[in-house]
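Trainee: Submitted below is the structure of interest, expressed as structure tokens.
The values are calculated or read from the model by the stated rules, or taken from the named source; none is laboratory data. Everything numeric here is computed off the predicted structure, so don't read it as measured data. Cβ coordinates were reconstructed from backbone atoms using ideal geometry, including for glycine residues, and neighbour counts include every protein chain displayed.
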Amino acid sequence: MQESFWTHLEALVNSAELVIERPRASRHPRLLSIVYPLDYGYLKGTSSSDGTAIDVWRGSLLVGHLDAVVCTVDLGKRDAEVKLLLGCTRTEKQAICAFHQSAWSAALLVERMSPDPS
């Protein structure tokens, strides 16, 4: 049952264009102290809980494999979202979670479990 969650997310990723609007090391357009540790963008033509497209973090691995999501809560914006992680190393996943941690926001990493071989 859990695997269907991941296959449905993969179907969204495979059927939509990934738009990177904030490349690695770029600054937030309004909050210049915020620097993006990885490429950050969205899946064009999709919809998230905040009414905008589904957010995506893209890591450095050559294959853009979807094996994790980060769930975020932002008290300032009063919202919660799921952001997709494509091709991210363990270190990059930790950097993404750290990026979303502050006095007004928090993140939880959810990683895809390998199918049980039994």
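Trainee: Give me the pairs, please: first residue somewhere in the stretch 77-91 and over 23 Å from Leu61 (Cβ atoms), second residue anywhere and outside any loop (DSSP other than H, G, I, E, B) and among the hydrophobic types (A, V, I, L, M, F, W, C), beta-carbon distance under 6 Å, and either six or more positions apart or on two chains.
Mentor: Every condition considered, the pairs that remain are Ala80/Val73.
Trainee: Among all residue pairs at least 6 apart or on different chains, which show Cβ distances below 9 Å where the first residue, located in the stretch 1-14, is over 16 Å from Ile54 (Cβ atoms) and the second is assigned to a loop (DSSP other than H, G, I, E, B)?
Mentor: If the second residue must be assigned to a loop (DSSP other than H, G, I, E, B), the pairs left are Gln2/Arg112; Gln2/Met113; Glu3/Arg112; Glu3/Met113; Glu3/Pro115.
Trainee: With the requirement that a residue be among the basic types (Lys, Arg) and not in a loop (DSSP other than H, G, I, E, B), what does the stretch 1-33 give you?
Mentor: If the condition is that a residue be among the basic types (Lys, Arg) and not in a loop (DSSP other than H, G, I, E, B), then Arg22, Arg27 are the ones that fit.
Trainee: I would also like to ask the following. Can you pull out the residues in the stretch 88-103 that are in a loop (DSSP other than H, G, I, E, B) and crowded, with 18+ Cβ neighbours inside 10 Å?
Mentor: Listed by number, the residues that qualify are Cys88, His100.
Trainee: Now, a different point. Within the stretch 34-87, which residues are of a type in the set (Lys, Arg), surrounded by fewer than 20 Cβ atoms within 10 Å (Cβ to Cβ) and either part of a strand (DSSP E or B) or modelled with pLDDT under 95 (or both)?
Mentor: Residues satisfying the conditions are Lys77, Arg78, Lys83.
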